[in-house]
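Peer 1: Okay, handing you the structure first.
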Amino acid sequence: MRKGEVYRQTKETEVQVSVNLEGEGKAVADTGVAFLDHLITSLATHSMIDINVNVKGDLRHHAVEDLAIGLGEALNKALGSREGIARFGYAATPMDCSLAWAAVDLVKRPYFKVDLKLRGKKIEDMPTEDINHFFESLATSLCANVHIFVQYGSNDHHKAEAAVKALALALRQAVAADPRRKGVPSSKGVI
């Protein structure tokens with residue numbers, strides 16, 4: 001089983017994360033931020049990765065950031081050397097008025113481009129800048145190349161949710177075992 005666990009404690013937060021790449025899309029999310037719990041649950045459901053997170057933090061921003069770091073590190077552990085995986089994934093996902101795209105390369109070189117076109121300052125109980133920061137911190141700690149953009153939409157909640165669902169579907173493809181793949185998925189022989 002491809003699983004990863006991370007416990008991260010700082011002066012600002014305490015974060016516990018576990019993931020199972022061979023899961024059923026089950027989620028347990030207790031972050032103290034209701035909209036973030038919603039996004040984590042959606043990420044698990046559509047990636048088919050079981051995700052269990054528990055976060056205690058002094059400030060909402062610190063909780064969001066450290067959860068993203070811990071989640072990326074747990075996924076990284078579960079992927080191990082990345083031998084035998086598909087490596088790439090991409091998806092377009094509609095959510096009512098919104099359409100989001102995501103592309104992922106699990107290459108072990110962190111890079112991100114995130115453009116969610118969020119207009120408001122907050123979605124439910126989460127500042128929109130923290131939503132962007134979540135995706136950026138996740139990509140960096142996962143050591144992956146992640147591109148997420150919203151093509152259009154009139155509702156910020158729908159845009160953010162479409163983005164996380166697109167990322168989930170792209171991750172589902174990228175982490176999948178490729179039965180034809182021997183070794184790492186790279187012409188260099190190393191990721």
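Peer 1: Could you please state, rounded to a whole Å, how far the C-alpha centre of segment 5-32 is from the C-alpha centre of segment 105-155?
Peer 2: 19 Å
Peer 1: Aspartates and glutamates within cross-link reach of Lys11: Cα-Cα under 14 Å, excluding same-chain residues under 8 positions apart?
Peer 2: Asp58, Glu65, Asp66
Peer 1: Which of Val190, Thr45, Ala34 sits closest to the plus end of the dipole of the chain, meaning its Cα is farthest towards the positive end, when Lys and Arg get +1 and Asp and Glu get -1 on the C-beta?
Peer 2: Farthest towards the positive end: Val190.
Peer 1: For segment 3-53, compute Rg over Rh where Rg is the Cα radius of gyration and Rh is the Kirkwood radius from the inverse mean 1/r over Cα pairs. Don't jump to the answer; show the numbers that get you there.
Peer 2: Values: Rg = 11.1 Å, Rh = 11.1 Å.
With Rg and the Kirkwood Rh in hand, the quotient comes to 1.00.
Peer 1: Let me ask something else. What's the ranking of 94-102, 136-144, 110-118 by average number of surrounding C-beta atoms within 10 Å, highest first? Before the final figure, lay out the partial values.
Peer 2: Details: 94-102: 19.3, 136-144: 21.4, 110-118: 16.6.
Per-residue Cβ counts within 10 Å, averaged per peptide and sorted highest first, yield 136-144, 94-102, 110-118.
Peer 1: How far apart, in nm, are two points set 7 Å out from the Cα along the Cα-to-Cβ line at Ser186 and at Lys3?
Peer 2: Reported label-point gap for Ser186 and Lys3 is 2.8 nm.
Peer 1: Pairs of alpha-carbon atoms within less than 8 angstrom and 6+ residues apart define the contacts here; what relative contact order does the chain have, in percent? Walk me through the intermediate numbers first.
Peer 2: Numbers: 500 pairs, mean separation 49.2, N = 191.
Normalised by residue count, the contact order of the chain is 26 percent.
Peer 1: So for segment 133-191, taking the charge dipole from beta-carbon charges (+1 Lys/Arg, -1 Asp/Glu), which of Ala174, Ser154, Leu142 sits furthest toward the positive end?
Peer 2: Farthest towards the positive end: Ala174.
Peer 1: Between helix 34-47 and the chain, what is the angle of the helix's C-alpha long axis to the longest principal axis, kept within 0 to 90° and rounded to the nearest 10?
Peer 2: Taking the Cα atoms of the chain, the angle to 34-47 is about 30 degrees.
Peer 1: While we're here: Filter Lys3/Lys159; Lys3/Lys165; Lys26/Lys159; Lys108/Lys165; Lys117/Lys182 down to the pairs with a C-alpha to C-alpha distance above 28 Å, please.
Peer 2: Values: Lys3/Lys159 30 Å; Lys3/Lys165 21 Å; Lys26/Lys159 23 Å; Lys108/Lys165 22 Å; Lys117/Lys182 40 Å.
With Cα atoms farther than 28 Å apart: Lys3/Lys159; Lys117/Lys182.
Peer 1: Could you calculate the FRET efficiency of Ser81 with Lys121 from 1/(1 + (r/R0)^6), where r is the beta carbon distance between them and R0 is 30 Å, rounded to 0.05?
Peer 2: Details: r = 42 Å, r/R0 = 1.40.
Efficiency at R0 = 30 Å is approximately 0.10.
Peer 1: Same structure, new question: Given the alpha-carbon gyration tensor of segment 57-165, what are the semi-axes of its equivalent ellipsoid in whole angstrom, ordered largest first, with each equal to the square root of 5 times an eigenvalue?
Peer 2: 24, 18, 9
Peer 1: Enumerate by residue number the trypsin sites (Lys or Arg not before Pro) in segment 1-58 meeting two conditions: DSSP loop (anything except H, G, I, E, B), and at most 16 other Cβ atoms within 10 Å of the site's Cβ. Don't skip to the answer; put the middle values down first.
Peer 2: Values: sites: Arg2, Lys3, Arg8, Lys11, Lys26, Lys56; in loops: Arg2, Lys11, Lys26.
Here the trypsin sites (Lys or Arg not before Pro) that fit, given the DSSP loop and packing criteria, are Lys11, Lys26.
Peer 1: By how many nm would the segment from Lys113 to Cys97 lengthen if fully extended, with 0.36 nm per residue of separation less the alpha-carbon distance? Mind dumping the intermediate values first?
Peer 2: Working: separation 16, 0.36 × 16 = 5.76 nm, distance 2.22 nm.
3.5 nm is the gain from fully extending Lys113 to Cys97.
Peer 1: Based on Cβ point charges of +1 for Lys and Arg and -1 for Asp and Glu, what charge dipole magnitude is obtained for the chain about its Cα centre, in debye rounded to the nearest 20? Please report the intermediate quantities before stating the final value.
Peer 2: On the way: 24 positive and 24 negative charges, 185 e Å.
The dipole magnitude comes to about 880 debye.
Read the figures in this text as sums done on the coordinates, not as results from a lab. This is a predicted model, so every value here is computed, not measured. No Cβ is skipped: glycine too gets one built from the backbone with ideal geometry, and neighbour counts run over all protein chains shown.
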